[in-house]
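Undergrad: Sharing a structure here in structure tokens format.
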Amino acid sequence: MSESIADRVKKIVVEHLGVDADKVVESASFIDDLGADSLDTVELVMAFEEEFGVEIPDDAADTILTVGDAIKYIEKQQA
Amino acid sequence: MFDLEGRKALVTGASGGIGEAIARMLHKGGATVGLHGTRREKLDALAEDLGERTLVLPADLSERPAVDRLAETAESELGGVDLLVNNAGVTRDGLFVRMEDAAWDAVLEVDLTSVFRLTRALAHPMMRRRFGRIVNISSIVGVTGNPGQANYCAAKAGLIGFSKSLAQEIATRNVTVNCVAPGFIESAMTDKLNEKQRGRIMGAIPMGRMGTGDEVASAVAYLASREAGYVTGQTIHVNGGMAMI
């Protein structure tokens with residue numbers, strides 16, 4: 001069975017930010033809870049684009065603040 | 001000599017005088033060196049002379065897809081570029097009022113835009129690896145200006161502003177971005193000067209002589225080293241005191 005979008009998103013976040021997997025919950029804010037800086041958020045968006053083959057324009061990227069935001073955005077794009 | 005053992009470098013314009021000196025110096029420091037240029041035979045000869053740890057990468061930087069391909073090939077075949085030296089440059093001199101669009105565009109495209117594109121492609125993997133050294137070869141005239149070189153001076157000044165911005169953006173990723181600005185350096189270009197021109201130039205250089213490619217390359221080797229880790233957004237002038245900025 002293939003991994004869910006949520007699991008793949010969380011895996012990318014864990015890899016890129018070097019944080020514990022149990023901290024990467026849907027309500028976690030990249031900057032406030034996971035210690036990301038502005039460059040990290042750009043890198044995460046680029047990583048999501050690569051993993052899921054979607055394009056995330058800047059204005060959409062600005063609304064992706066939490067792990068859950070990312071999952072929802074990608075699910076919507078792939079639906 | 002700075003220890004560059006295990007580093008992977010890409011030097012653009014390595015078929016020219018200064019570029020060759022830079023490639024040789026980084027190679028001597030222990031780095032594996034990707035040699036970019038337009039003249040394949042010159043690059044092959046240089047690679048043969050250096051022996052192991054070289055990769056020949058010819059590309060025409062005036063063609064954008066070729067720049068993208070160069071980045072991809074260098075990154076994959078060298079196994080990650082740690083040291084990027086943007087040295088390649090062209091001139092199309094002429095007095096400003098008679099300068100044609102083509103002369104402006106050609107110089108800006110190779111001397112500035114290709115640097116932007118190549119650096120954009122290679123900086124990101126450097127950031128991911130949390131190490132990188134980007135050295136852009138500017139010029140004294142990018143700071144002082146020079147009659148007959150409005151296009152070249154604009155591009156070379158552009159490199160300095162570009163480097164400062166990028167340096168601020170990626171400093172936290174342990175990637176430094178600096179410039180080296182050579183003055184008059186012995187090369188095929190300066191060999192063409194006549195005695196009178198030469199005399200005038202010498203009069204303006206406190207050292208009373210032209211610099212060598214090695215003297216430029218030494219500044220590059222320093223900026224590429226581990227030791228230069230706290231130096232970013234700077235321009236090192238290698239000009240015999242011709243301009244003290």
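Every number in this text was worked out from the coordinates using simple rules, so none of it is lab data. Just so you know, these numbers come straight off a predicted model, no measurement behind them. Methodologically, a virtual Cβ is constructed for each residue, glycine included, from the backbone with ideal geometry; neighbour enumeration extends over all protein chains shown.
Undergrad: Tell me which residues, restricted to the stretch B:4-15, are more than 17 Å from B:Leu78 (Cα to Cα) and in contact with a Ser or Thr (Cβ under 7 Å, 6 or more places away or on another chain).
TA: B:Ser15
Undergrad: Among the residues of the stretch B:83-102, are any in contact with a strand residue (DSSP E or B) (Cβ under 8 Å, 6 or more places away or on another chain), more than 23 Å from B:Ala188 (Cα to Cα) and not acidic (Asp, Glu)?
TA: Among the residues of the stretch B:83-102, at least one is in contact with a strand residue (DSSP E or B) (Cβ under 8 Å, 6 or more places away or on another chain), more than 23 Å from B:Ala188 (Cα to Cα) and not acidic (Asp, Glu), which makes the answer yes.
Undergrad: Same structure, new question: When the residues of the stretch A:31-40 are filtered to those that are within 17 Å of B:Glu169 (Cα to Cα) and crowded, with 16+ Cβ neighbours inside 10 Å, which remaining residue is nearest to the other protein chains (Cβ to nearest Cβ)?
TA: Filtering the stretch A:31-40 for residues that are within 17 Å of B:Glu169 (Cα to Cα) and crowded, with 16+ Cβ neighbours inside 10 Å, the one nearest to the other protein chains (Cβ to nearest Cβ) comes out as A:Asp40.
Undergrad: A follow-up question, please. Can you give me the number of residues within the stretch B:165-186 that are within 12 Å of chain A (Cβ to nearest Cβ), farther than 15 Å from B:Leu122 by Cα and free of Cβ contacts under 8 Å to residues at least 24 places away in the same chain?
TA: So the answer is 1.
Undergrad: Which of the helices (runs of 4 or more DSSP H) contained wholly in the stretch B:155-245 include at least 2 residues that are of a type in the set (D, E, K, R)?
TA: Helices (runs of 4 or more DSSP H) meeting the threshold: B:195-204, B:213-224.
Undergrad: Kindly evaluate B:Ser15 against the criterion of being in contact with a strand residue (DSSP E or B) (Cβ under 9 Å, 6 or more places away or on another chain) and not in a helix (DSSP H, G or I).
TA: In short, yes.
Undergrad: Anything in the stretch B:133-150 that is without any contact (Cβ under 8 Å) to a residue 60 or more places away in the chain, of a type outside the set (Ser, Thr, Tyr) and on the phi < 0 side of the Ramachandran plot? List them, or say none. Even if it seems obvious, please write down each step before you answer.
TA: Applying the first criterion (without any contact (Cβ under 8 Å) to a residue 60 or more places away in the chain) to the stretch B:133-150 yields B:134, B:136, B:139, B:141-142, B:145-150.
With of a type outside the set (Ser, Thr, Tyr) added as a condition, the list becomes B:134, B:136, B:141-142, B:145-150.
If the condition is that a residue be without any contact (Cβ under 8 Å) to a residue 60 or more places away in the chain, of a type outside the set (Ser, Thr, Tyr) and on the phi < 0 side of the Ramachandran plot, then B:Ile134, B:Asn136, B:Val141, B:Gly142, B:Asn146, B:Pro147, B:Gln149, B:Ala150 are the ones that fit.
Undergrad: If B:Ser76 passes every condition in (1) closer than 21 Å to B:Val220 by Cα; (2) free of Cβ contacts under 8 Å to residues at least 24 places away in the same chain but one, which one does it miss?
TA: Exception for B:Ser76: condition (1).
Undergrad: Now a separate question. Under the condition of being in a helix (DSSP H, G or I) and crowded, with 21+ Cβ neighbours inside 10 Å, which residue from the stretch B:142-152 is nearest to the other protein chains (Cβ to nearest Cβ)?
TA: Among residues in the stretch B:142-152 that are in a helix (DSSP H, G or I) and crowded, with 21+ Cβ neighbours inside 10 Å, the one nearest to the other protein chains (Cβ to nearest Cβ) is B:Gly142.
Undergrad: Next up: When you go through B:Val175, B:Val141 one by one, which is the residue that is of a type outside the set (D, E, K, R) and closer than 16 Å to B:Val85 by Cβ? Full working, then the answer.
TA: Values: B:Val141 fails: closer than 16 Å to B:Val85 by Cβ.
It is B:Val175.
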